[in-house]
């Protein structure tokens, strides 16, 4: 899913320690089989801004322990950016079985869809072209929907479809349209 360029942070306490947390990645999943599935952990690298404690011994030379004098990364007075690896916990999900009776051509496209077809003209001359437009709209894994196999007379030449997608993905899943232009 598309994430905002700027993280929205919130406070969270873990084992008595306060942290600022933000979501760095979200995905929408379309399981391809039923049963208990294990989702592998996500891994990455982040930059965390941490507060650095200053060592003060009471000596007049403590001024030289001030990060301002020692490290260009400390120019914000006790704050430092640190790279570290992050890794999520693995997750188990349970996927329900699809209802029985799916046609042999079923390829896994599940959702609630509307389908419409149209042609650009109904009267033709020999060697004229006609454009067939198939439009699928709805919610689900639209990208799995393929052009149907058209059984046409051998006297009619057909071409591979040109596919145009307008699909939006958010927390509620994927929705939009897929248009197949067959000339």
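Within the stretch 128-151, the set of residues being surrounded by 10 or more Cβ atoms within 10 Å (Cβ to Cβ) and over 30 Å from residue 32 (Cβ atoms) comprises 129, 130, 131. You will find that of 121, 143, 125, the residue that is out of contact with any helix residue (DSSP H, G or I) (no Cβ under 6 Å at 6 or more places or on another chain), at pLDDT 85 or above and part of a helix (DSSP H, G or I) is 143 and no other. Taking the stretch 14-43 as the range and being in a strand (DSSP E or B) and surrounded by 11 or more Cβ atoms within 10 Å (Cβ to Cβ) as the test, the residues that pass are 19, 20, 21, 37, 39.
Within the stretch 160-183, being in contact (Cβ under 8 Å) with a residue 24 or more places away in the chain, surrounded by 10 or more Cβ atoms within 10 Å (Cβ to Cβ) and over 20 Å from residue 106 (Cα atoms) holds for 167, 169, 170, 173, 176, 181, 182, 183. In the set (1) at pLDDT below 80; (2) surrounded by 10 or more Cβ atoms within 10 Å (Cβ to Cβ); (3) in contact with a helix residue (DSSP H, G or I) (Cβ under 9 Å, 6 or more places away or on another chain), the condition left unmet by residue 57 is number (2).
Selection of the stretch 90-127 for residues being exposed (fewer than 10 other Cβ atoms within 10 Å of the Cβ) and more than 28 Å from residue 157 (Cβ to Cβ) yields 92, 94, 96, 97, 99, 100, 101, 112, 114.
The values are calculated or read from the model by the stated rules, or taken from the named source; none is laboratory data. If you're wondering where the values come from, they're calculated on a predicted model, not measured in any experiment. Note that we place each Cβ from the backbone using ideal geometry, even for glycine, and neighbour counts take in every protein chain shown.
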